[in-house]
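Novice: Before I ask anything, let me first share the structure, which is written out below as C-alpha cells.
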Amino acid sequence: MQLIVEPPTSGITSTANQIETNPAVAYILRLGTKRSQQTMASLLNIVARALGFADLKLCPWPMLRRQHVLALVQQLRANGRAPSTINTYLAAL
C-alpha cells in the first residue's frame, strides 16, 4: 500500500489550504524526495486507519492526545509489530 500525496489539480490555492488545515499533508509536502513522501504518507495512512479514519487527509491530527497514541501502540503490539516498527510509526506522528 502506497499513497502518493500530490497537490490537488485545482491549483496552488487548494494546496495552500491543505497545508494550512492538515499538518500531515504539510509535513509530507515539505519532505525532500518523492520516496520520502511516499514512505511517510504510507505510514501516516496506516496510523489514520488504525485510529478509525479513512486516510491521512481525514484524520484530525491536532486533536490526537496521549491516550490515542497509547491505544495505537497497544493495537500495534497486539498485531505483532516489532518494537522498531512501532517506533517508526511513532516517529511518523
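Novice: Being open to solvent by less than 50 Å² (accessible area, probe 1.4 Å) and in a helix (DSSP H, G or I) is true for just one of 56, 72. Which residue is that? Can you show your working first?
Specialist: On the way: 56 fails: in a helix (DSSP H, G or I).
Going through 56, 72 in turn, the sole match is 72.
Novice: Are there any pairs, at least 6 apart or on different chains, whose C-beta atoms fall under 6 Å, with the first in the stretch 18-31 and assigned to a helix (DSSP H, G or I) and of a type outside the set (Asp, Glu) and the second at pLDDT 90 or above and open to solvent by 10 Å² or more (accessible area, probe 1.4 Å), and if so, which?
Specialist: What qualifies is 19/26; 23/61; 24/61; 28/37; 28/40.
Novice: In the stretch 54-64, is there at least one residue being among the aromatic types (Phe, Trp, Tyr) and in contact with a helix residue (DSSP H, G or I) (Cβ under 8 Å, 6 or more places away or on another chain)?
Specialist: yes
Novice: Now, a different point. Got a number for residues in the stretch 1-28 being out of contact with any Phe, Trp or Tyr (no Cβ under 6 Å at 6 or more places or on another chain), modelled with pLDDT of 65 or more and crowded, with 16+ Cβ neighbours inside 10 Å?
Specialist: Matching residues across the stretch 1-28 total 4.
The values are calculated or read from the model by the stated rules, or taken from the named source; none is laboratory data. Keep in mind that what you see is a predicted model, and the values were worked out from it rather than measured. Methodologically, a virtual Cβ is constructed for each residue, glycine included, from the backbone with ideal geometry; neighbour enumeration extends over all protein chains shown. The accessibility values were calculated without ligands, DNA or RNA, using every heavy atom of the protein model including side chains. Shrake-Rupley method; radii C 1.70, N 1.55, O 1.52, S 1.80 Å.
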